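Notes follow the structure.
The values are calculated or read from the model by the stated rules, or taken from the named source; none is laboratory data. Predicted, not measured: the structure shown is a model, and the values here were computed from it. Note that we place each Cβ from the backbone using ideal geometry, even for glycine, and neighbour counts take in every protein chain shown.
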Amino acid sequence: MILYIGSDHAGYSLKEYLKNHLQQHGYEILDVGVHSETPADYPDIAHTLTAQLVQETRPALGILICGTGIGMCIAANKRPGIRAANASEPVSAALAREHNNANILCLGARVVGPELARATVEAFLRTGFSPEERHHRRVQKLELIGGDLKSHTEPLK
């Protein structure tokens, strides 16, 4: 499993901690930055990571980290094919994978400490997408919606 990881300056320390932990557990990590605590704009990192993730031909997931995880999540979800979830604990991270087939986990370095972040990432990575048809149907509807919600006034079938 390929794992892309990126952060802005607020998430740099947590990114480095998680990257080290994941490498020790055999994950191939592709770090898209930042590489210091020099101020950086989270949309730039989210754009870089999502562009590489959607072009990846092998199974891959991503982790994005900023101060709250919210900015990264908003930015990442702008790209078609991305289902980013902001989670602050393991249960939400696992359910994001299981029910929503999330392919990016967004974390807030100012919200969770290193150990809780590690447990949240581990839950995200060990959980697969549910085989239940209802979850597949719902994710397909997400893909249909795209960016123009105004054209979808009736429930999707």
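Only one of these conditions is not met by Gly69: (1) on the phi > 0 side of the Ramachandran plot; (2) surrounded by fewer than 22 Cβ atoms within 10 Å (Cβ to Cβ). Which number is it?
Every listed condition holds for Gly69 apart from (2).
Looking at the stretch 120-141 only, could you name the residues that are part of a loop (DSSP other than H, G, I, E, B) and touching a helix residue (DSSP H, G or I) at 6+ places or on another chain (Cβ under 7 Å)?
Matches in the stretch 120-141: Thr127, Gly128, Phe129, Ser130.
Condition (residue is modelled with pLDDT under 95, surrounded by fewer than 16 Cβ atoms within 10 Å (Cβ to Cβ) and under 19 Å from Leu3 (Cβ atoms)) applied to the stretch 78-88: is it met by at least one residue?
Yes - at least one qualifying residue is present in the stretch 78-88.
Hand me the list of helices (runs of 4 or more DSSP H) wholly inside the stretch 12-119 holding 1 or more residues that are closer than 30 Å to Arg134 by Cα and of a type outside the set (A, V, I, L, M, F, W, C).
Per the criteria, 42-55, 70-76, 90-100.
With (1) farther than 16 Å from Leu64 by Cα; (2) without any contact (Cβ under 8 Å) to a residue 40 or more places away in the chain; (3) hydrophobic (A, V, I, L, M, F, W, C) as the list, and Leu142 as the residue in question, which single condition is left unmet?
(2)
Can you list residue pairs whose Cβ atoms sit under 6 Å apart, with the first residue in the stretch 46-60 being buried (at least 18 other Cβ atoms within 10 Å of the Cβ) and the second being hydroxyl-bearing (Ser, Thr, Tyr)? Count only pairs 6 or more apart in sequence or on different chains.
Listed pairs, sorted by first residue: Leu49/Tyr4; Leu53/Tyr4.
Considering Val54, Val32, which residue is under 17 Å from the mean Cα position of the chain (by Cα) and at pLDDT below 95?
Val54
Conditions tested, residue by residue: (1) buried (at least 17 other Cβ atoms within 10 Å of the Cβ); (2) at pLDDT below 95; (3) acidic (Asp, Glu); (4) farther than 22 Å from Ala51 by Cβ.
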site	(1), (2), (3), (4)
Val91	no, no, no, yes
Leu107	yes, no, no, no
Ala119	no, no, no, yes
Arg126	no, no, no, yes
Ser130	no, yes, no, yes
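Residues of the stretch 10-27 being touching a helix residue (DSSP H, G or I) at 6+ places or on another chain (Cβ under 9 Å) and either in contact (Cβ under 8 Å) with a residue 12 or more places away in the chain or of a type in the set (Asp, Glu) (or both), which ones?
Residues satisfying the conditions are Ala10, Gly11, Ser13, Leu14, Tyr17, Leu18, His21, Leu22, Tyr27.
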